[in-house]
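Asker: This is the structure, below, for whatever I ask next.
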Amino acid sequence: MNDDNMPSAVDVLARLSFVTSARIEARASEAGLSVQQMRLLGILRDREPTINELTVHLGLDKSSVSGLVIRAERRGLVSRTQHEQDGRAVRVHLEVAGRALIDTANSQFENDVHRMFAALTETERSRWVALTTTLLVAEAEERGLSR
């Protein structure tokens, strides 16, 4: 903490990540998913990436991502299709069962976040979202990811 007894940005971010991680872990567990599986399904909600693209999004090596996709496919949550231009590449698609699972878990997590953010005014929430988005965009650009 600094001289004003205010926690540092590092302290606040660490605490927030612990709270957020605990909520995500609880929601993943309720859905019968690991946190990595929940992240995978979340990524697939609005895109059909290749395995290589998933390695970047998930920050995992190719064999870990392949195993994650295979396990999700066995559960009927995702499917794999051959890339339309590169026959060696595989795209991963979210199936109806996977979408239902991630939509339910996401809805519950959204409720958790709304309860947490109830301590802020609408103006404070908007400002927090704007500032955090700026940080996330900069991080994504640094990692070579698209929004």
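Asker: How much net charge surrounds ASN111 when only other residues with a Cβ under 11 Å from its Cβ are counted (Lys, Arg +1; Asp, Glu -1)? Present the calculation step by step, with values, prior to reporting the outcome.
Answerer: Details: positive: ARG23, ARG27, ARG115; negative: GLU110, ASP112.
Here the charged neighbours net out to +1.
Asker: For the chain, calculate the relative contact order in percent as a whole number, restricting contacts to Cα pairs under 8 Å that are 6 or more residues apart. Working shown, then result.
Answerer: Working: 109 pairs, mean separation 29.1, N = 147.
Averaging sequence separation for qualifying contacts and normalising by length gives 20 percent for the chain.
Asker: Going from most exposed to least, what order do LEU13, LEU120 have by accessible area with a 1.4 Å probe? Display every interim value, and only then the final one.
Answerer: Working: LEU13 115, LEU120 60 Å².
The residues order as LEU13, LEU120, largest area first.
Asker: If you don't mind, there's one more thing I want to ask. In the range 49-100, which GluC sites (Glu not before Pro) are in a loop and have at most 10 other Cβ atoms within 10 Å, using DSSP for the loop call? Please list the in-between numbers first.
Answerer: Values: sites: GLU53, GLU73, GLU84, GLU95; in loops: GLU84, GLU95.
Qualifying residues, ordered by number: GLU84.
Asker: Also, I was wondering about something else. Can you send over the carbon and sulfur percentage of the accessible area for the chain, probe radius 1.4 Å, protein chains only?
Answerer: 54 percent
Asker: Treat every Asp and Glu Cβ in the range 52-107 as -1 and every Lys and Arg Cβ as +1, leave all other atoms uncharged, and give the resulting dipole magnitude about the Cα centre to the nearest 20 debye. If you can, show how the numbers build up before the last one.
Answerer: Numbers: 8 positive and 7 negative charges, 41 e Å.
It comes to approximately 200 debye.
Asker: As an exercise, take the mean of 1/r over every pair of distinct alpha carbons in the range 65-122, invert it, and state the Kirkwood radius in angstroms. Walk me through the numbers before you get to the answer.
Answerer: Values: mean 1/r = 0.0731 Å⁻¹.
In the range 65-122 this quantity evaluates to 13.7 Å.
Asker: Please work out the average accessible area per residue across the range 45-147, using the 1.4 Å probe convention, and give it in Å².
Answerer: Details: 6900 Å² over 103 residues.
Each residue of the range 45-147 exposes 67 Å² on average to a 1.4 Å probe.
Asker: Please report how far the C-alpha centroid of the range 87-142 lies from that of the range 43-60, rounded to the nearest whole angstrom.
Answerer: Spelled out, the Cα-based centre of one part sits 15 Å from the other.
Asker: So how compact is the range 1-60: Cα radius of gyration and Dmax in angstrom?
Answerer: When restricted to the Cα atoms of the range 1-60, Rg and Dmax are 16.0, 49 Å.
Asker: Compute from the Cα atoms of the chain the Rg and the Dmax, the latter being the longest Cα-Cα distance, and quote both in angstrom.
Answerer: In order Rg, Dmax, the Cα atoms of the chain give 17.8, 60 Å.
The values are calculated or read from the model by the stated rules, or taken from the named source; none is laboratory data. Just so we're clear, the structure is a prediction, and the values are computed from it rather than from any experiment. Counting neighbours? That spans all protein chains shown, and the Cβs are built from the backbone with ideal geometry, glycine included. These accessible areas exclude ligands, DNA and RNA; they are computed on the full protein's heavy atoms, side chains included. Shrake-Rupley method; radii C 1.70, N 1.55, O 1.52, S 1.80 Å.
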